[in-house]
Amino acid sequence: MDLPRLETILSRYEGEPWDLIPVLQDIQDSYSYLPKDELQVVSERLNVPLTQIYSVATFFKMFSLIPKGKHQIKVCTGTTCHLKGSHRVAESLSHRLGVEVGYTTKDMQFSLDTVGCLGSCAQAPVMMVDDKYYGRTTVDKVPKILKLYK
Amino acid sequence: MVWKISDETAYDTLGEEVRLTINGVPIRAPQDQSLLVTARQNGFEIPTLCYHRDLPSEGHCRLCVVEIGEYPRTQIVNSCTYPTQAGLVVQTHSETVLQARRLVLELLLARTPKAKLIQEMAAAHGVYESRFKTDDPEELCILCGLCVRTCREVVGVSAISMKGRTPDKQVATPFMEKSPACIGCGSCAFVCPTNVIPYTEKDGVRTIWGRDFELQACNVCGNYIAPKYQLEHWAKLTGDPVETFFVCRDCR
Ligand code: SF4
Ligand code: FES
Ligand code: FES
């Protein structure tokens, strides 16, 4: 376990139970997932039972218990994007990357997920790679977008 | 009927007494006490599935809904989590309420078509079949969370919790592995209204949540008392030596 890394994250907070979600977010960002041993330490430090951490970690889509790829692709399947055919974008990505939605490529480069509304409905269909938004995506644009990260 | 808990005697004065009406009857009750308890104390029966008097209400099942306010501005709320307030106008059996309860039961029937308790409750409300899709015909868990709350609040160890979100939500141990916090007491299996938590006892070993617990026999009569682990937990709580608990209740 990378204790110094975890300590750095924990040191940003007061160590109260309500720090749980921000702490988990930081761990997710830093490790690309929530490692079990780290969660055990978080449980002791924040005084939150492991059961509750597990509940939170499995409830939110932003958290993952298995390592995510270097780049995280999120295809919006919110109402607007759905109507604008975002499932086709997701299918195309899945095809090109050779990975099913919800999984990570073997080389750990890309994780592909679908999410609820990304809050940019005017640009539907929307997808995100890491922190960057791609609006009005079409199946044609998929290879060009992927190329930027390969 | 099994689910009726009408012995609401615990009159815990949470706040000062306020006046409200339930089904047109003027009533006095302590402020902030749940509407469910207020109604039951006054003889209005409200069906529930996830309420337990010894546990905090979390409003999972939605069967306890009541209508508050005056027509046409009424609102449907969970009575188990809604506080008693001065001037409230409450309906426990209006057409809107009954319809909402039937819907809840239809949904539950679709989730757990084989659960006897749900079948009975649904039938009592005139619901015999569901228009919704059943994912797993063998499913018995209604996600009431009584097990999770009992473990956390009464036993005080928190070995299980809800995992994931609907439609894949389920009761589980952390990481679906053997829960180190579990003391093998079986309270979750005991409290479960649909008896879905697997639990076996054989040759002095109790198996629950994938873990085996050695049972302690009574030093006097030889009958099994409880898992050794649980007795150690008690000893830790009370500060007594663990041997104090090696004699069963009947032999003391
Ligand atoms: S296992 Fe039983 S007690 Fe626990 S949530 Fe399911 S039905 Fe309720
Ligand atoms: S539905 Fe996709 S951004 Fe709103
Ligand atoms: S008893 Fe109120 S929601 Fe279940």
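Read-outs throughout are calculated quantities, based only on the coordinates presented, and are distinct from any laboratory measurement. In this text the structure is predicted, and so the values were computed from the model without any measurement. A quick note on method: Cβ atoms are made from the backbone with ideal geometry, for glycine too, and the neighbour counts reach across all protein chains shown.
Within the stretch B:146-245, how many lysine pairs that are 8 or more places apart, or on different chains, have C-alpha atoms less than 28 Å apart? It would help to have the intermediate numbers written out before the result.
On the way: B:LYS163/B:LYS178; B:LYS169/B:LYS178; B:LYS178/B:LYS202; B:LYS178/B:LYS228; B:LYS178/B:LYS236; B:LYS202/B:LYS228; B:LYS202/B:LYS236; B:LYS228/B:LYS236.
Taking the Cα cut-off of 28 Å, the pair count is 8.
Taking amide hydrogens as modeled 1.01 Å from N in the peptide plane, which residues meet the under 5 Å criterion relative to B:ALA226, leaving out close sequence neighbours?
B:GLN216
Between B:THR81 and A:SER11, what is the spin-label point distance in nm, taking each point 7 Å from the Cα along the Cα→C-beta axis?
3.9
For B:ILE22, what residues show an amide H to amide H distance below 5 Å, using hydrogens built from the backbone and excluding near sequence neighbours?
B:ILE27, B:VAL90
So how strong a dipole does the stretch B:146-245 carry about its Cα centre when Lys and Arg Cβ are +1 and Asp and Glu Cβ are -1, to the nearest 20 debye? Can you show the working numbers first?
Working: 11 positive and 10 negative charges, 94 e Å.
Dipole about the Cα centre, nearest 20: 460 debye.
Check cross-link reach from A:LYS84 to the aspartates and glutamates: straight Cα distance under 17 Å, and skip same-chain residues fewer than eight apart.
Straight-line reach from A:LYS84, under 17 Å: A:ASP140.
Please find, in a Gaussian network model of chain B (springs between Cα atoms separated by less than 10 Å), the residue of B:ASP54, B:ASP168, B:ASP32 whose mean-square fluctuation is greatest.
Largest GNM mean-square fluctuation: B:ASP168.
Where the centre of each part is set by its Cα atoms, how far does the stretch A:63-130 sit from the stretch B:217-251, in angstrom?
55
Please give the Cα centre distance for the stretch B:188-213 versus the stretch B:21-70, rounded to the nearest Å.
That distance is 32 Å.
Taking +1 at the Cβ of each Lys and Arg and -1 at the Cβ of each Asp and Glu, which of B:LEU117, B:CYS151, B:THR207 sits farthest along the dipole of chain B towards its positive end, judged by Cα position relative to the Cα centre?
Working it through, the farthest residue towards the positive pole turns out to be B:LEU117.
Evaluate the charge dipole of chain B about its Cα centre and quote only its size in Debye, nearest 20, assuming +1 on the Cβ of each Lys and Arg and -1 on the Cβ of each Asp and Glu.
Working: 27 positive and 30 negative charges, 69 e Å.
For chain B, the charge dipole is close to 320 debye.
Could you tell me the relative contact order of chain A? Use alpha-carbon pairs under 8 Å, at least six residues apart, and round to a whole percent. All intermediate terms of the calculation are to be shown ahead of the outcome.
Numbers: 210 pairs, mean separation 29.3, N = 150.
Computed over chain A, the figure is 20 percent.
May I ask you to derive the relative contact order of chain B, considering only C-alpha pairs under 8 Å and at least 6 residues apart, and to give it as an integer percent? Don't jump to the answer; show the numbers that get you there.
Working: 447 pairs, mean separation 28.7, N = 252.
RCO, chain B: 11 percent.
Would you grab the residues whose amide H sits under 5 Å from the one on A:THR114? Only those 5+ places off in sequence or on another chain, please, with H modelled 1.01 Å from N.
Result for A:THR114 returns A:VAL75, A:GLY102.
Give me the dipole magnitude in Debye, nearest 20, for the protein assembly as shown about the Cα centre, with unit charges on the beta carbon: positive for Lys and Arg, negative for Asp and Glu. Could the numbers behind the result be given before it?
Working: 45 positive and 47 negative charges, 317 e Å.
It comes to approximately 1520 debye.
Just the C-alpha atoms of the stretch B:57-182: what Rg/Rh do they give, with Rh taken as the Kirkwood radius?
On the way: Rg = 17.1 Å, Rh = 16.5 Å.
Using only Cα positions, Rg/Rh for the stretch B:57-182 is 1.04.
Toward the positive end of the charge dipole of the stretch A:22-150, about the Cα centre and with charges on Cβ (Lys, Arg +1; Asp, Glu -1), which of A:GLN40, A:TYR134, A:THR51 goes farthest?
So the residue we want is A:TYR134.
Kindly state, as a whole number, the per residue volume in cubic angstrom of the convex hull around the alpha carbon atoms of chain B.
Details: hull volume 39.7 nm³, N = 252.
In chain B, the Cα hull volume divided by residue count equals 158 Å³.
Once you sort the root eigenvalues of the Cα gyration tensor of the protein assembly as shown as a ≥ b ≥ c, which label holds: rounded (a/c under 1.5), prolate (a/b larger than b/c) or oblate (the other case)? Display every interim value, and only then the final one.
Details: a/c = 1.95, a/b = 1.26, b/c = 1.55.
Taking the square roots of the gyration eigenvalues as a ≥ b ≥ c, the protein assembly as shown is oblate.
Find the all-direction average of the projected area of the Cα convex hull for chain A, expressing the result in square nanometres with one decimal place. Each step should come with its number before you reach the end.
Details: hull surface 37.5 nm².
Average of the hull's projected areas for chain A equals 9.4 nm².
With just the Cα atoms of the stretch B:11-93, tell me how far they stretch along each of the three principal axes, in Å, largest first.
30, 28, 19
Tabulate in residue order the Karplus-calculated ³J(HN,Hα) for the stretch B:19-29, using 6.51 cos²θ - 1.76 cosθ + 1.60 with θ = phi - 60°, rounded to whole Hz; enter x for Gly and Pro.
For the stretch B:19-29, the Karplus curve yields 9, 8, 10, 10, 6, x, 9, x, 9, 10, 7 Hz.
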